[in-house]
Each structure stands twice: as structure tokens, then as C-alpha cells.
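Colleague: The structure follows.
Throughout, read-outs are computed from the coordinates displayed, never taken from laboratory work. Predicted, not measured: the structure shown is a model, and the values here were computed from it. Cβ sites come from the backbone with ideal geometry, for glycine too, and all protein chains shown count toward neighbours.
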């Protein structure tokens, strides 16, 4: 064992993990790094992290070159499948307790190794933050199944126990790192703790059969000097959760936010049950819980953008999703199937004269029912999108409408079934516009779809997992063939 650090202030200021590596014999360093690398790649969060990074890169690519999704979508689906299989494979090999049980809780201890709450509760909090926008029974069942497996399944015991011991050692060394940052730790206590930590590190690297024993010795030493070290306080635990919550809120409030499509007003672009990611910063960073937007933006809204916004006209607590049709100063009118902007009609081409699709009224019933409409391909400012329009009364609104400054006019792609700007956004009537300050962001990619048909639909009243819609961008390339009828 290498010599212990002296009690000088210079030694105390070195980073803990760097100092710990400096104490290891040179021949043990490769094994130490390999063991940490193995812990990282066998973590249940690794496949999810890799997938999240890939999705972020994918969204950037398809936002700048939409047609790239025509060949990138399938590799993304395969990567998603690999991530799911890897996750369940790690559960099978290492089991839930290896990831969740070995956590020290300080004064909230549940036995020697703690319980399933504590530091990893922060990760659970972040996972919950990602799924705030979802309340479908199928998604809830899948999350429940996944976490149930994590918490209950014990895995293959030799592998589980090996990883459990390494995980417990890492958690304890992290706690020791926080303890040694204190300036009032007596030198004798500090030296004893370093001696125990060195033993844990050496066992971690080269003597795994001794890791549980050395970890227990360090744990007992921390318990013995807990009064001096002042670890495990309620304030520290609350601080960890507070930081995690702040990170989650910043991500949702500034970068990306998941959004669930609750109605059929955007069919065929977005179907009921689609889950999308919304770009929160493209039109400006909005301060959470306010309508104030910081002057930091990529660009202004454009015609054809699909946006998510707060509906101030009828239901401010509910987010709406519609397509931008008119910009400030535009004169918008509708004649039958055609939308006119400043006297110029959208380009329109009928694709399917009797397009059949499945929909439902989520406020009245969960039952799916068929409907028929005309599916057309429209072009606005060079951008292509699809719309449903029979011309049966959707042009009966106070027109023409001139869009006021600082606002946009929006319509749903399912023109006969959309309470949009033409009809007061569900408010008191008259044409209603969306203020820039009410826009939450631009819809980008469908990351999950729980819509009609698909996998397991027979068990959930027609709602199933639509893998054909996974990683499909909201914007169209323009080269897509006519869509097949709904299953």
C-alpha cells in the first residue's frame, strides 16, 4: 500500500479520486480503470444515455436536412430496439438490487446497506420528469413493468454480487469524498479514513473477493466518526433532490419538452397518442411559469411550422399544437379547400379522395371509430405538409383575417375537426391569434406513438405501440409516397 497523504493543506486540496489513484500501486491502475469502465457499461442508465445522445444528434440532423430521415429512421429504430434489449439484458444479468439496494442513507438508514431510496432516488426523479406528459395506461404499464423488474429481479447471483460490491464501494467512496472536504476533520481521523479508502480501492482493482470486507470496514469507520464528519444530513439529501429537480426543469423549460397529442386536430401529421419532442429555444428562451421570452432565439416562427402553445383564449392550462398559417401582416382567407395568403393560394394536390383513418373523442369516450376525408398535399413557402379537408363548412368563419403584429394565425391539419384560429381557438368566437409569448416551441420528432393499431392494441381497447411512427419528424421531406390506410 502506498503511503498516506500528509495533513498539509496542499494535499487536502487535491481532487479526491485523483489522490486515491495516486495511492494505488502502478501495477493496479489498469485493473482499477477497467473495473470502473465495467461498472459504467453495465449500468442500467448506459443504454438509455446512449439512446438519448443518438436522438439528440438525430433531431439536429433532420431539423437541418429533413429528407435524411428517409434513410436514418430505420437505423434509429434498430438503435432503440438495441437499447431496450440491452436494458433488459442488464436487468437479467445483474438484477435490480445491484443498482438500487446498496445505498447509504445516513440517518435514514434501512439496515447495513440502506434501501431503494437515496442517491439513486435522484435518478428516479429525473426519469419521472421525462414522463410527465404521458398518462396512457399502456405507457404506465410498461414503466411499471420495467421498474418492477429493476426493483424485484435478483439476476444471476455471481454477477449480481460482484457488481453490487463494486457499486457499494463507489457509493461509499463518494460519501467519503464529501466528508474529507470538511476543514475541521482531525488529522488522525483523516489518516484512518484514507487508510481504509486505500484498502477499498486496492480490493476494487485487484482483490474483488475482499471488496465487501474492506467496504464494510470503511462504512463502520464513517459511522464511528459521523459526529465529526457531519455526513448524511437531511439538508444534503434534500440538496441532491433539489439539484436533480432543477436540472430536469431547466431541460424541460429551455431545451426540450415532451408533449402528448391528445386529439385528432392534426391528423394526418400527428395522430392521437403520438409523443413528440418540442424545441424550446428555437423561437426564444421562455422563462418557466411566465409568458416572458428572453431575446435569445434561433429564428422567428415561419409559415408551415408546427408549434405548441398556451391557449390564452379558452384554456390557458392546456397546451395546444397547430400549424402556423399566417405571420404578422398576412391577409388570410379560405375558399372551400383552398387557403389564401395575401391573395395567393396554397399549392394543393389531392392524394387520396376517400382517405380512411381512425380517431376518437377523448373527452367523451375512449372508443376508436373510423372517419373518412380527402387527403391532400399542401405546399406553403416551399414546405410540404398533408391536410384533411372535405370543404364541409370549414370555410365558414369571419374572413378575411389580417394577422396582428407579434402574433401568428394557426390551423389544424384536420380542417373540419380543429378549433383553431378560425373559430376563436375554442373561445368566445371570432378569429383568435397566438401571441409570440404564448408559443412554447416547435414540434420536431415523434419519439413514441401509442395510437390506434400496432403492438398490443388488442389488450388496450385498440391503442397499441406504433413502431412505424417512431423517430418520424413532424416536418415532411416532400418525397414521401401517399400513406397507407389506418390499420
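Colleague: Which whole-number percent of Cα pairs in the range 363-487 have a distance greater than 21 Å?
Modeller: The proportion of pairs with Cα distances above 21 Å equals 56 percent.
Colleague: Rg (Å, one decimal) plus Dmax (Å, integer) for the alpha carbons of the range 421-487?
Modeller: When restricted to Cα atoms, the range 421-487 yields Rg and Dmax of 17.0, 43 Å.
Colleague: Estimate the FRET efficiency between residue 82 and residue 456 by the formula 1/(1 + (r/R0)^6), using the beta-carbon distance for r and 25 Å for R0, to the nearest 0.05.
Modeller: 0.75
Colleague: Another question, if that's okay. Between the range 58-73 and the range 191-225, what is the C-alpha centre distance in whole Å?
Modeller: Centre-to-centre distance over Cα atoms comes out at 50 Å.
Colleague: Want the number for residue 26 to residue 354: 0.36 nm per residue separation, take away the alpha-carbon distance, what's left?
Modeller: 110.6 nm
Colleague: Let me ask something else about it. Hey, fewest Cβ within 10 Å first, where do 477, 179 land in order?
Modeller: With the sparsest Cβ surroundings first, the list reads 477, 179.
Colleague: Counting other C-beta atoms within 10 Å, which of 346, 455, 16 has the fewest, and how do the rest follow?
Modeller: Placing the least packed residue first, the sequence is 455, 16, 346.
Colleague: Then there's this: Please state the shape class of the range 261-473: rounded when a/c is under 1.5, otherwise prolate if a/b exceeds b/c and oblate if not, all from the C-alpha gyration tensor.
Modeller: oblate
Colleague: OK, next. For residue 314 and residue 402, compute 0.36 nm times the residue count separating them, minus their Cα-Cα distance, and round to one decimal in nm.
Modeller: Contour length minus the Cα-Cα distance gives 29.6 nm.
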